[in-house]
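Peer 1: This is the structure, below, for whatever I ask next.
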Amino acid sequence: MKINRKKLQEAVNREILSVEQADRLWQFFESHPTAGPRFDFTHVLYYLGGLTAIGAMSVFMTLGWESFGGWGIFLISMAYGVVGVLLANMFRGKGYHVPAGICVTFTVAMVPLAIFGLQQAMGWWPESTHYRDYHRYVRYHWLYMELATLAVGAVMAYLYRYPFLQLVIAGTLWYLSMDVAAMIAGGRPDWQLRANVSMWFGFATILLAIYVDFRSRKSADYSFWLYLFGVLAFWGGMTSLDSDSEVSRFIYFSINLLMIGFGVMLSRRVFVIFGGIGCALYWGHLAFSVFKESWLFPIALATIGFVIIYLGVLWQKNERAFTARMRSRLPEAMRELLDKRSG
């Protein structure tokens, strides 16, 4: 629940708090403006500035940088990384944890560029590609950049423990899944192989996210970005698999239903969104391929939709009792996690 001035005023109106207590409580909240991310102008500026800096040194990198040469790129990247760490330590010392986390993330985002410069300086870089292609194309020779980024990211995550840092780590894992598939395929466009590798790599990332979620259930949310990129890799790979079997397509539909249920259970919208898209794709396949000429299919599907709505009504009426009964049978760690996500 988000606490704002209006909720405190409601507590005053119900005589739960006095006016003086509400004012003092609000002043206490205002004295900790950077304890965590919020949707306000200050935090929008934080993230806008941070993403602009990260994007400038990664996604929007131009060919002009290659005029510095390999050693020039490497040294400049290292200098930027050191500046990021110094700023992070300064902000952390003053209690500004959000900008500190952004600066640490910026430092880790500099690692691919530094490794690119080092490889170019040592003569190990293929002349046919440039750094700006790192975020555009799938190539197996990005692996050294990705592995180094994961190594530095793991060290920084251990030292600083800022959730936003997982953005670069999770994104790099996603890149790694695609580039490993390209390496296994020998650079050939074997889409089935790449889809399988992406799907299983994404599944492994989701398992890692669940583990991190349980480990951090009493602290900040360190698993958000892992869930996001894990689901992207898993669902994207699964959806890309080509099959003429209706049984396989129904299994695909069933997995998407499970994703929706799992997402609701853990309060992770990314599962619900992609699961819903997958279900819509399957229904579209039924409508335009299997039951192309059937007049009954739209009626049956609409009926199913209304049945689902009715089930939602029944669930709303009995949600609290059913949830309490089910959670009482779960391990304590699972109950703590679900209580935190739903609270």
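The values are calculated or read from the model by the stated rules, or taken from the named source; none is laboratory data. Bear in mind that the values here come from a model prediction, so they are computed numbers and not experimental data. Note that each Cβ is placed from the backbone with ideal geometry, even for glycine, and that neighbours are counted across all protein chains shown.
A quick yes/no check of all residues on (1) in contact with a strand residue (DSSP E or B) (Cβ under 8 Å, 6 or more places away or on another chain); (2) at pLDDT below 80; (3) of a type outside the set (D, E, K, R):
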site	(1), (2), (3)
Phe271	no, no, yes
Phe274	no, no, yes
Ala280	no, no, yes
Gly284	no, no, yes
Lys292	no, yes, no
Ala302	no, no, yes
Gln316	no, yes, yes
Phe322	no, yes, yes
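Peer 1: Which residues, taken from the range 178-213, are surrounded by fewer than 18 Cβ atoms within 10 Å (Cβ to Cβ), small (Gly, Ala, Ser) and in contact (Cβ under 8 Å) with a residue 40 or more places away in the chain?
Peer 2: Gly187
Peer 1: Can you name the number of the only condition in (1) crowded, with 22+ Cβ neighbours inside 10 Å; (2) modelled with pLDDT under 90 that Glu146 fails?
Peer 2: Glu146 satisfies all of (1) crowded, with 22+ Cβ neighbours inside 10 Å; (2) modelled with pLDDT under 90 except (2).
Peer 1: Which number in (1) touching a residue at least 60 places away in the same chain (Cβ under 8 Å); (2) over 21 Å from Thr52 (Cβ atoms) marks the one condition that Asn89 misses?
Peer 2: So the condition that Asn89 fails would be (1).
Peer 1: Could I ask something else about it? For residues that are within 19 Å of Gly171 (Cβ to Cβ) and of a type in the set (A, V, I, L, M, F, W, C), tally how many sit in the range 221-275.
Peer 2: Here the count works out to 14.
Peer 1: How many residues are more than 18 Å from Thr239 (Cβ to Cβ) and either in contact with a Ser or Thr (Cβ under 6 Å, 6 or more places away or on another chain) or in the same structural domain as Pro331 (by TED's automatic domain parsing) (or both) when one looks only at the range 168-217?
Peer 2: Qualifying residue count for the region: 6.
Conditions (1) modelled with pLDDT of 75 or more; (2) part of a helix (DSSP H, G or I); (3) surrounded by 14 or more Cβ atoms within 10 Å (Cβ to Cβ); (4) of a type in the set (Asp, Glu), marked per residue:
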site	(1), (2), (3), (4)
Phe39	no, no, no, no
Tyr47	yes, yes, yes, no
Ile54	yes, yes, yes, no
Gly69	yes, yes, no, no
Tyr80	yes, yes, yes, no
Met90	yes, yes, no, no
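Peer 1: Kindly establish whether Asp221 is modelled with pLDDT under 90, at negative phi and not in a loop (DSSP other than H, G, I, E, B).
Peer 2: no
Peer 1: Among the residues of the range 115-128, are any of a type in the set (Asp, Glu), assigned to a loop (DSSP other than H, G, I, E, B) and surrounded by fewer than 22 Cβ atoms within 10 Å (Cβ to Cβ)?
Peer 2: Taking every residue of the range 115-128 in turn, at least one turns out to be of a type in the set (Asp, Glu), assigned to a loop (DSSP other than H, G, I, E, B) and surrounded by fewer than 22 Cβ atoms within 10 Å (Cβ to Cβ).
Peer 1: Right, next: Pro112: surrounded by fewer than 14 Cβ atoms within 10 Å (Cβ to Cβ) and within 30 Å of Leu193 (Cα to Cα), yes or no?
Peer 2: Here the answer is no, as Pro112 does not meet what is asked.
Peer 1: Quick one: in the range 214-267, which of the residues that are charged (D, E, K, R) and surrounded by 15 or more Cβ atoms within 10 Å (Cβ to Cβ) is nearest to Arg335 (Cα to Cα)?
Peer 2: My answer is Arg217.
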